[in-house]
Amino acid sequence: MLCVLKPDAYDIRISMSFSKYQFFFLGFLNLCLIKHLAQSQNHTLIFSKDNHFRNCSCSVDIQSCDYNLANLMCNCKNINPPKNKTSYNGDLTIWFSDTSTLGKLVNFTFVHNLKLSLCGASTLPTEYLAILGLRFLRVQAESIQEQSLTITQCNAKDRLCQVPTEPPFHISYLDTSLFNGLPLLKSYSVENVSSIKEQFPNLPYSSWISATNKSYIVTLIY
């Protein structure tokens with residue numbers, strides 16, 4: 001005679017309880033995975049290729065100027081060069097081959113962490129591009145190995161490091177000739193600048209940076 005053991009109520013409650021916790025545990029893992037993926041993709045790569053500007057969201061660093069790998073590994077789309085100043089919350093990498101392209105992409109752009117890679121062996125003229133709120137810079141070209149420079153170190157309570165609602169306090173001017181093979185990336189900062197036009201007459205400035213009662217920090221990168 002074959003005996004069939006029926007599960008009692010206690011066994012059923014255990015099974016249902018385990019399934020419930022398993023469901024919540026799997027849901028928690030999914031949320032963690034989504035959060036991780038969202039954070040890992042907070043890296044923007046912009047480059048110009050075949051008369052098109054491409055904006056890519058990348059989860060990993062791509063070898064400089066490897067356009068095919070960027071199109072394969074990143075989520076890329078064609079964009080128009082920005083006409084107005086733009087703000088980037090995460091890391092920004094720009095590949096460029098001439099100062100005109102670089103100027104369209106970074107001049108008067110607000111970004112904390114920036115990497116610039118010169119693609120090709122072009123010799124660049126001396127031009128000054130303004131970068132707003134810059135804290136950390138990396139540069140690389142065929143003629144120079146990658147170099148890095150800390151512009152300013154900030155903490156959460158430092159008002160100069162917060163994203164401003166008005167014209168930013170910290171303005172860095174990048175000398176594009178540094179990509180021609182200068183041995184060491186350098187910077188020099190001047191605080192309490194009330195008028196860039198008056199105190200730095202040879203530097204380019206925008207119409208919304210004018211003589212006001214505000215104080216700026218101006219950093220020259222060369």
Notebook entry, point to check: Do we find a residue being surrounded by 17 or more Cβ atoms within 10 Å (Cβ to Cβ), hydroxyl-bearing (Ser, Thr, Tyr), under 22 Å from ASN84 (Cα atoms) and at pLDDT 80 or above anywhere in segment 177-189?
Noted result: no
Check: Taking the stated definitions as given, is SER87 open to solvent by 10 Å² or more (accessible area, probe 1.4 Å) and touching a residue at least 12 places away in the same chain (Cβ under 8 Å)?
Finding: yes
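Taking segment 199-210 only, how many residues are open to solvent by 50 Å² or more (accessible area, probe 1.4 Å) and modelled with pLDDT of 80 or more?
So the answer is 3.
So that you can scan it fast, the table gives a plain yes or no per residue for (1) open to solvent by less than 40 Å² (accessible area, probe 1.4 Å); (2) modelled with pLDDT of 90 or more:
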{"residue": "ASP61", "(1), (2)": "no, no"}
{"residue": "SER64", "(1), (2)": "yes, yes"}
{"residue": "LEU105", "(1), (2)": "yes, yes"}
{"residue": "LEU114", "(1), (2)": "yes, yes"}
{"residue": "ARG135", "(1), (2)": "no, yes"}
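Among the strands (runs of 3 or more DSSP E) contained in segment 44-126, which hold 2 or more residues that are under 22 Å from GLN145 (Cα atoms)?
Numbers: elements: 52-57, 75-79, 91-96, 109-111, 113-118.
Once the strands (runs of 3 or more DSSP E) in segment 44-126 are filtered for at least 2 residues that are under 22 Å from GLN145 (Cα atoms), what remains is 91-96, 113-118.
The values are calculated or read from the model by the stated rules, or taken from the named source; none is laboratory data. In this text, all values refer to a predicted model and were calculated from it rather than measured experimentally. Using ideal geometry, Cβ is built from the backbone for each residue, glycine included, and neighbour counts are taken over all protein chains shown. In case anyone asks, the SASA skips ligands and DNA or RNA and just uses the protein heavy atoms, side chains included. Shrake-Rupley method; radii C 1.70, N 1.55, O 1.52, S 1.80 Å.
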